[in-house]
Protein chains: 2
Amino acid sequence: MVKPKKSGKRELILAEAAKLFKDRGYSGTSMRDLAGQVGMEAASMYNHIKSKDELLDTICFRISDTYISQLAEIEATPSGYADKLRALVRLHIRLMVEDGAAVSVANHDWKYLPEPRLGEFKQARKAYERGFAALIEAGIAAGELRPVNVSVALFTMLSAVRWVELWYRPGRGISAEELESNIITVLLGGLEQPMPQP
Amino acid sequence: MVKPKKSGKRELILAEAAKLFKDRGYSGTSMRDLAGQVGMEAASMYNHIKSKDELLDTICFRISDTYISQLAEIEATPSGYADKLRALVRLHIRLMVEDGAAVSVANHDWKYLPEPRLGEFKQARKAYERGFAALIEAGIAAGELRPVNVSVALFTMLSAVRWVELWYRPGRGISAEELESNIITVLLGGLEQPMPQP
């Protein structure tokens with residue numbers, strides 16, 4: 001059993017590690033930097049975590065596990081395919097808004113994971129993309145989505161939300177909800193106003 | 001007057017420089033690497049170009065000049081706003097397909113430009129974004145586009161096409177035209193099939 005206090009320290013270390021990895025890169029961050037940021041001696045930090053590798057591993061796999069488990073939940077809902085895609089786009093934006101540093105590390109620093117975890121991370125990402133693509137494909141087959149190339153639609157959607165990671169912070173004059181609903185409007189509804197029916 | 005032969009060599013050096021900067025990064029590329037790639041002695045390469053800085057400058061500003069001049073052309077057409085945005089999205093995709101290495105350098109390595117060119121490049125990019133945003137804003141005001149937050153629509157569109165740079169190559173089983181029309185369908189028309197009118 002992990003004692004709550006120990007887990008609290010561990011979470012603090014993980015949160016500060018994600019911020020440092022995001023700002024300075026994984027290789028540009030030393031455990032000494034991290035200890036300074038957390039306000040602990042490096043030696044006592046090792047009571048809570050094993051290594052810099054372990055921090056990266058935990059940050060990256062928490063994000064990929066979140067994507068995978070949320071995808072499974074969304075797949076299991078009785079909603080239509082357009083609604084399932086809305087939920088997925090909302091998930092991406094919400095994770096970036098709420099846990100931006102960790103998402104950034106999982107997007108950029110995953111390549112520093114040592115094997116076999118590197119391979120496992122890539123497989124998890126592929127599995128997620130395949131699941132996302134399968135929803136698009138099924139939605140097209142059901143006539144709910146426009147008949148576009150599935151890979152193009154998938155990567156356009158995944159890419160379309162990436163700027164949020166770089167841009168969003170409180171004080172941008174837009175709430176997370178407005179951000180989500182606007183991006184979803186563009187991607188699912190299209191920016192063009194539909195022509196009024198005669 | 002530049003002799004045609006000299007200009008041909010210069011273009012070859014620029015094209016190979018863009019590929020190397022893209023693959024190894026600007027700082028990871030030496031003039032010796034470049035000379036080897038072009039098949040010239042480093043000393044004779046300097047008959048055609050001044051420095052590594054000059055290569056980066058030419059590559060970055062050619063791309064930003066293309067965006068700015070195409071935006072001006074598109075602004076001047078009598079098309080509606082949705083069509084103007086389609087033309088802009090098509091321009092981004094076409095540049096990535098036709099001149100992917102140079103676009104990649106202008107997207108990633110511009111930060112190595114020395115001042116005052118760095119500041120000028122940032123200003124050119126801002127001016128382009130402002131012009132793109134003004135079209136979205138005018139399109140919303142005219143009732144042609146849905147009433148979304150202009151910055152969100154702008155960055156969603158600019159970000160949505162960025163994956164093409166990493167993904168597209170001949171042999172992907174999709175033509176440049178199909179790629180363009182599919183992305184334009186998602187961004188302007190929306191992935192969701194409109195409901196049939198009763």
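Charging the Cβ of each Asp and Glu at -1 and of each Lys and Arg at +1, and nothing else, the dipole of region A:1-49 about its Cα centre rounds to 200 debye.
For the residue pairs B:Lys19/B:Lys111; A:Lys52/A:Lys111; A:Lys22/A:Lys111; A:Lys111/B:Lys19, alpha carbon separations beyond 19 Å are given by A:Lys111/B:Lys19. Relative to the longest principal axis of the Cα atoms of chain B, the long axis of helix B:4-24 lies at roughly 70 degrees. Treating cross-link reach as a plain straight distance, find the aspartates and glutamates whose alpha-carbon is under 18 Å from the alpha-carbon of A:Lys50, omitting any fewer than eight places away in the same chain. By straight Cα distance, A:Lys50 reaches A:Glu11, A:Glu16, A:Asp33, A:Glu41, A:Glu115. What's the local net charge at A:Ile59, with K and R +1, D and E -1, over the other residues with C-beta under 13 Å away? Residues near A:Ile59 contribute -2 overall.
Restriction of the GluC sites (Glu not before Pro) in region B:10-94 to DSSP coil positions whose beta-carbon has at most 15 other beta-carbons within 10 angstrom yields B:Glu41.
Take A:Pro78, push a point 7 Å out from Cα through the beta-carbon direction, and compare it with the same point in every other copy: 5.4 nm, smallest first. Amide H to amide H distances under 5 Å link B:Leu145 with A:Gln193, B:Ile140, where only residues 5 or more positions off or on other chains count and H is placed in the peptide plane.
Chains B and A: how much accessible area gets covered up at their contact, both sides added, probe 1.4 Å, in Å² to the nearest hundred? The buried area between B and A, both sides summed, comes to about 3300 Å². Using Cα pairs under 8 angstrom and six or more residues apart, how large is the relative contact order of chain A, in percent? Relative contact order here is 23 percent.
Working note: Karplus 6.51/-1.76/1.60 with θ = phi - 60° gives region A:43-60 the couplings 4, 6, 4, 6, 6, 10, 9, 8, 6, 4, 4, 5, 4, 4, 4, 5, 4, 5 Hz, where Gly and Pro are set to x. Counting, for every residue in A:160-171, the Cβ atoms of other protein chains within 10 Å of its Cβ and taking the mean gives 4. Per residue, the protein assembly as shown reaches -22000 deg cm²/dmol at 222 nm when only DSSP H runs of four or more residues are counted, each adding -39500 (n - 2.57). A:Arg24 label point (Cα plus 7 Å toward Cβ) to equivalent points in the other copies: 2.8 nm, shortest first.
Phi-derived couplings, Karplus 6.51 cos²θ - 1.76 cosθ + 1.60 at θ = phi - 60°, listed residue by residue for region A:157-173: 5, 4, 6, 4, 9, 5, 5, 4, 4, 8, 9, 6, 7, x, x, 7, x Hz, with x used for Gly and Pro.
Counting, for every residue in B:139-149, the Cβ atoms of other protein chains within 10 Å of its Cβ and taking the mean gives 4. Could you tell me the center-to-center distance, by alpha carbons, between region B:101-164 and region A:142-198 in angstrom? Measuring centre to centre over Cα atoms gives 17 Å. For B:Ala134, the distances from its label point to the matching points in the remaining copies are 4.9 nm, ordered from shortest, with each point set 7 Å beyond Cα toward Cβ. Summed over the residues of region A:51-189 and divided among them, the accessible surface reaches 44 Å² per residue at a probe radius of 1.4 Å.
The values are calculated or read from the model by the stated rules, or taken from the named source; none is laboratory data. The structure displayed is predicted, hence computed values, not measured ones. All Cβ positions, glycine included, derive from the backbone under ideal geometry; neighbour counts span all protein chains shown. These area figures cover heavy atoms from the full protein model, side chains too; ligands, DNA and RNA do not enter into them. Shrake-Rupley method; radii C 1.70, N 1.55, O 1.52, S 1.80 Å.
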